[in-house]
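Reviewing the structure listed below.
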Amino acid sequence: MNIKKILENIDPFTQCRKHNLKARECPGFLFILMGLLTLLAMSGTYLLAEEYYNPEVVVGSVSFVAIAIFVLGNFIIRGVEKMAETAILKNEFISIVSHQLKSPLTNFKWPLELLATQKLGALNEKQLSYLKDLQENNNRMIKLVNDLLDVSRIEDGRMKIKPQNIHFEEIARSVVDDFLNLAKANNIEISLNVNGNAPLIKADPERIRSVVQNLVDNAIKYSKAKGKIEIILKREKNKFCFKIKDNGVGIPKKQQKQIFKKFFRSENVLKRQTEGTGLGLFIVKAIIQGSGGKIGFNSEENKGTTFWFSLPIAKS
Ligand code: ADP
């Protein structure tokens, strides 16, 4: 950690500046003030008690300190409430904007696809190439809006997960099939192996599909030339494990703690300028944990990364 980071961690005003709070509303600062006041009051009371041997003086000073702590405590509560209110407003804002953007973007999808089929008239190569760019950008925007909606649902506890008994192996195979062309185009090999018989697991099929899509997409995106991706499914006691190993760019050790935080992207991938929003793993973790599973990874920069998750096996 560099000095700037350490100072930022010590500075009680860092969070308050972000939330635009004044000193009298800043919980971190008020908390320190309260601590100092308590220390001062303890020493003052000790000195007064020694000097005067007078219970009224001691009771008076203790009452004064109690009132001061009560007032400061009230300010702290108001500051915390204001911070929580800002977070709720921000979340509502993201949710409203994303909802408003979703319909026009989804409406663009079908006309663009219809044009691309050329049923409405033949297009020349340049027109087709512009159309492809439009489609790609539109799909990217739809994904971003859907991810933002998921993030806002996760943050205020509205994300719905509907577990049922599912054939996880089938889902994993169909996702891998969907990515085969992209992998081939990037000169990347993907393999999927199942150790033993794959049992049914209890999870939401759509949500789990999106988890696998995200992890496979990342493994491809962060692979180097001639990449190799291995997916292994195996049973471990009453859990079923999914493991995806790549030999790509890896995650720098000092940034590994932040990998599941929303909007986080490691500096080595930012340098490569691959596209991304840093929302995928935040959502993936929330889905796995919301399905009663566990998720983790290990990674070495320039060697590769293995992400894994486990989910409960369905009771027969
Ligand atoms: P995005 O891929 O859109 O940036 P994610 O939340 O999926 O968002 O991933 C967050 C970050 O984690 C990525 O930006 C990248 O720094 C790192 N990461 C995820 N998967 C891998 C991987 N397989 N190899 C290396 N880095 C990865």
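Each value in this text was obtained by applying a stated rule to the coordinates, not by laboratory testing. The model shown is predicted, which means the values in this text are computed figures rather than measured ones. All Cβ positions, glycine included, derive from the backbone under ideal geometry; neighbour counts span all protein chains shown.
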Relative contact order (percent) for the chain, with alpha-carbon contacts under 8 angstrom and 6 or more residues of separation?
-> 13 percent
Length gain on complete extension for the stretch R158 to N238, per 0.36 nm per residue less the alpha carbon to alpha carbon distance?
-> 26.0 nm
Taking the Cα-to-Cβ direction at A66 and at L40 and moving 7 Å from each Cα, how far apart do the two end points lie in nm?
-> 2.0 nm
How large is log10 I(q)/I(0) at q = 0.16, 0.26, 0.27 Å⁻¹ when the Debye formula is applied to the Cα atoms of the range 89-154, each weighted equally and without solvent?
-> -0.59, -1.03, -1.08
Taking R0 as 41 Å and r as the Cβ-Cβ distance between Q127 and R265, the FRET efficiency 1/(1 + (r/R0)^6), rounded to the nearest 0.05, comes to 0.75
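So for the chain, what percent of the C-alpha to C-alpha distances run longer than 33 Å? Mind dumping the intermediate values first?
Values: 23535 of 49770 pairs.
Every Cα pair in the chain considered, those over 33 Å come to 47 percent.
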DSSP beta bridges in the chain: the antiparallel percent, rounded to 5, is 80 percent
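Over all directions, how big on average is the projection of the convex hull of the alpha-carbon atoms in the range 106-263, in square nanometres?
On the way: hull surface 50.9 nm².
It is 12.7 nm².
How large is the Kirkwood hydrodynamic radius of the range 218-316, counting all unique pairs of alpha carbons, in Å? Can you show the working numbers first?
On the way: mean 1/r = 0.0699 Å⁻¹.
Over the range 218-316, the inverse of the mean reciprocal pair distance is 14.3 Å.
Out of all DSSP beta bridges with both ends in the range 164-312, state the antiparallel percent to the nearest 5. Write down the numbers at each step before the final one.
Working: 26 of 33 bridges.
Of those bridges, close to 80 percent are antiparallel.
Set the Förster radius R0 to 45 Å, insert the Cβ-Cβ distance between K254 and S103 as r into 1/(1 + (r/R0)^6), and round the FRET efficiency to 0.05.
On the way: r = 42 Å, r/R0 = 0.93.
With R0 = 45 Å, the Cβ-Cβ based efficiency is 0.60.
What full-extension length gain, to one decimal in nm, is calculated for N298 and I3 as 0.36 nm per residue of separation minus the Cα-Cα distance? Walk me through the intermediate numbers first.
Numbers: separation 295, 0.36 × 295 = 106.20 nm, distance 2.78 nm.
Gain on extension, N298 to I3, equals 103.4 nm.
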Quick one: check the C-alpha center-to-center distance for the range 208-230 versus the range 2-74, whole angstrom.
-> 52 Å
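Dipole of the chain, Cα-centred, from +1 at each Lys and Arg C-beta and -1 at each Asp and Glu C-beta, to the nearest 20 debye?
Values: 47 positive and 32 negative charges, 210 e Å.
Approximately 1000 debye in magnitude.
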Förster-model FRET efficiency, 22 Å R0, A87 and F13, C-beta, rounded to 0.05 | 0.75
For the chain, list the cysteines whose Cβ sits under 4.7 Å from no other cysteine Cβ?
-> C241
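Sorted by packing (mean other beta-carbon atoms within 10 Å per residue), highest first, where do 117-130, 247-260 land? Intermediate values should be presented prior to the final figure.
Working: 117-130: 9.9, 247-260: 16.6.
Descending mean neighbour count gives 247-260, 117-130.
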Got a sec? Charge dipole of the range 1-109, +1 on Cβ for Lys and Arg, -1 for Asp and Glu; which of C16, G44, L101 is way out at the positive end?
-> L101
